[in-house]
Structures are given as structure tokens and as C-alpha cells.
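Rule-based calculations on the coordinates, nothing more; no lab input. This one's a predicted model, so the numbers in the text were calculated from it and none came from an experiment. With ideal geometry, Cβ positions are generated from the backbone for all residues, glycine too; neighbour counts draw on all protein chains shown.
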Amino acid sequence: MEDRNNCQITFISQNTLEGIARKTLKEYNPALLTGEPCAIPIEKIAEKHFGLSIEFHCLRKNGLILGETIFDDALVPVYDCEAKRYDFVFIKGGTIILDESLLCCKTDGRLRFTCAHELAHWLIHRELYLGSGETAALINPKKSSEDNSMIERQADILGTALLMPAGQVKRAFYRNMNTYRKDEPAVALAELFDVSKQAMGIFLKSHNLI
């Protein structure tokens, strides 16, 4: 447990987080767990199933923040690239803000992972943040050497489980395992599930598939 502004942060096991992911996907569309393996429509799940809004802004001049989850109506600082200054923008509670830079790198999986990470915050950290006036923000790992907090690790695990359902990834892997060369599984499965090769490689190694 960690202390965050006198609130207790509850430990959530990886198995529990993966169970939350399966429940979420099943409620949206059971075929995402039982049908043909495919890319998870994470933005549609956030918007249509949970009623969240997704907006794009330049969150920080230095690119430090990739995404924020807004739990309560708030004035949020964003950077105006043309005016070269920070302004406050009114954002309604229940909004995921993604940094505009992610629009330029849709193919490397960062946009979808950031969206999944922020949705994870909404699913498991609402009670912690509601009424606090704070937001949950994803720090760009390329811009910071800080270790992730327990909150961020939980959102990472749940976000990964939402994008890469274990059963579906394993089904796709074993279906084609005899045709893969050494480096092909991560590449082929990353393309199928529309995630980064690095993320898929980590998944496959953690499940002893490569």
C-alpha cells in the first residue's frame, strides 16, 4: 500500500487486473474473447461502453505527459504551440486527453496504449481521484527517468491486458507457430493486435512463448 494525500492505494494483483480486462471486453463484445483474434477497439470501448470523451491537446511543451484522465470538471493547462504559452481549457469530467504528438505515431502502438492506460485509470482509480481535483497522467518514459508508482503500474498492467487478451494472443500464436521464424511471432502478432513489437515481445516472453 502507498499513501497518496492520505488515501490508501489498494494493491491489485495481476490476475485481478487481467480479470477486469476480460470482464470489460466481454461486456462490450464477447467475440473479442472467443472469436477471431483481432485488434481491440479501445477507443470505441472508452467512448461507447463507458461514455468517455477523447480529446487531443498539446499537454506539455516538453512532451513529458502523453495522456491524462480527467475525473471531475476542471480547468486543465495545455500548451498553445502557435501562441507559445500555456492556457487553461475547460474539460468535463469523464474525459481522456491524449497528447497531439501521438497522432503522428499511430503505427507504433503508443496512441492505443496511452488510451488503454487512461481507460484503466478510469476503471480502477475513480474512487481515488473523484473529488480530489487531480488527474491521472501518463508520463512519457523517454522524457523521464522516474519509476512508475503503484497506480501507474496497475494502469500499465490493465491497459496491456485490454489490448492483448492472453487467450486470444495465445490462440493466434499457436495457430501459426510452425510458420514463424525467430523474430516473426512478435512482429506478426503486434500487427494483428495493433500494438508495438516491443509490447508484444514482452508479452510473449512473460508467457514463455518465445
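Full extension of the segment from Tyr86 to Ser132, taken as 0.36 nm per residue of separation minus the current Cα-Cα distance, would add 14.3 nm.
The calculated FRET efficiency for Cys38 paired with Tyr180, based on their beta-carbon distance and R0 = 22 Å, is about 0.70.
Which order do Met164, Met177 fall in if you start with the one that has the fewest other Cβ atoms within 10 Å?
Listing Met164, Met177 from fewest to most nearby Cβ atoms yields Met177, Met164.
Could you identify which residue out of Asn176, Asn140, Asn29 has the top mean-square fluctuation in a GNM of the chain using Cα springs shorter than 10 Å? Comparing Asn176, Asn140, Asn29 in the GNM, the peak value goes to Asn176. Where Rh is the Kirkwood radius over the Cα pairs of the range 165-210, the temperature 25 °C and the viscosity 0.890 mPa s, what D in µm²/s does Stokes-Einstein return? For the chosen part, D equals 240 µm²/s. Shape annotation for the range 50-114: C-alpha extents along the principal axes are 34, 31, 16 Å, from largest to smallest. Considering only Leu128, Leu52, Leu66, the mean-square fluctuation computed in a Gaussian network model of the chain, springs between alpha carbons under 10 angstrom, is largest for Leu128. When the listed pairs Lys23/Lys197; Lys48/Lys170; Lys26/Lys92; Lys26/Lys48; Lys23/Lys170; Lys48/Lys197 are checked against a 24 Å cut-off, the alpha-carbon distance exceeds it for Lys23/Lys197; Lys48/Lys170; Lys26/Lys92; Lys48/Lys197.
Dividing the helix sum by the residues of the chain, where each DSSP H run of 4 or more adds -39500 (n - 2.57), gives a mean residue ellipticity at 222 nm of -11500 deg cm²/dmol.
Taking Ala31, Ala136, Ala120 in turn, the Gaussian network model of the chain (Cα-Cα springs below 10 Å) assigns the largest fluctuation to Ala31. If both residues of a DSSP beta bridge must be in the range 44-96, then about 80% of such bridges are antiparallel.
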